[in-house]
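The values are calculated or read from the model by the stated rules, or taken from the named source; none is laboratory data. Everything numeric here is computed off the predicted structure, so don't read it as measured data. Methodologically, a virtual Cβ is constructed for each residue, glycine included, from the backbone with ideal geometry; neighbour enumeration extends over all protein chains shown. For accessibility, only protein heavy atoms count, side chains too; no ligands or nucleic acids. Shrake-Rupley method; radii C 1.70, N 1.55, O 1.52, S 1.80 Å.
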Amino acid sequence: MQHKARKFSTRAKVVTSAAALAAVGAGVIGAVSASADTVAETPAAAPAAAVAAVKGKATTTTDHLTIEAANDAAQAALKAARKEGQRVSVAVVDRNGNTIVTLRGDGAGPQAYESAIKKAYTAVAWNAPTSQLTKRLESAPTLKDIPGTLFLAGGAPVAYDNAPIAGVGVAGAPSGDLDET
């Protein structure tokens, strides 16, 4: 089942913006009250200016894979592996590498769970299938030393509007090529 990543609703944007503004406002008020001896020197418009500056320049909106889509992707990968007789674990991570879904398949080895997460992270971090990234190690072997990465076939990025929004990793089959399949 295919899912399209959804943009935030206007209500969600308003609620998120209000929470961010409240947090920034609390920080500004806390900073002003922390330096009580300089409060008299701080113009009254400073907190409002700081809030306006944050709203206009320091926020961004990104697209994310829904939990339903992440679960569907993980279930589909696990089902395809089972059909091929492979015992694997599957992971789906968001754009920041945070795990959304993990499924430990029946009979998957103990290393498969963590390997699937690392493959998914590596794929989304470089927006490329990990099978392609393994070739980069020939010219840049220290890439493998970056924490949380695993340069073995079996990871694939998920893109929306030409930007990576998630990664899917599969691990546990006898080879990375089978994981990727």
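When the criteria are applied in full, Gln111 fails the requirement of being touching a helix residue (DSSP H, G or I) at 6+ places or on another chain (Cβ under 9 Å) and not in a loop (DSSP other than H, G, I, E, B). Looking only at residues of the stretch 119-141 that are touching a residue at least 40 places away in the same chain (Cβ under 8 Å) and not polar (S, T, N, Q), we find that the one that is nearest to Leu152 (Cα to Cα) is Lys119. State yes or no: is Ala173 under 24 Å from Gly85 (Cα atoms), at pLDDT below 95, open to solvent by less than 20 Å² (accessible area, probe 1.4 Å) and more than 17 Å from the chain's Cα centre (by Cα)? Taking the combined requirement at face value, the residue satisfies it.
When Gly167 is tested against (1) touching a helix residue (DSSP H, G or I) at 6+ places or on another chain (Cβ under 7 Å); (2) part of a strand (DSSP E or B); (3) surrounded by fewer than 22 Cβ atoms within 10 Å (Cβ to Cβ), only condition (3) is not met.
Among the residues making up the stretch 97-150, those that are open to solvent by less than 30 Å² (accessible area, probe 1.4 Å), polar (S, T, N, Q) and under 14 Å from the mean Cα position of the chain (by Cα) are Thr122, Thr149.
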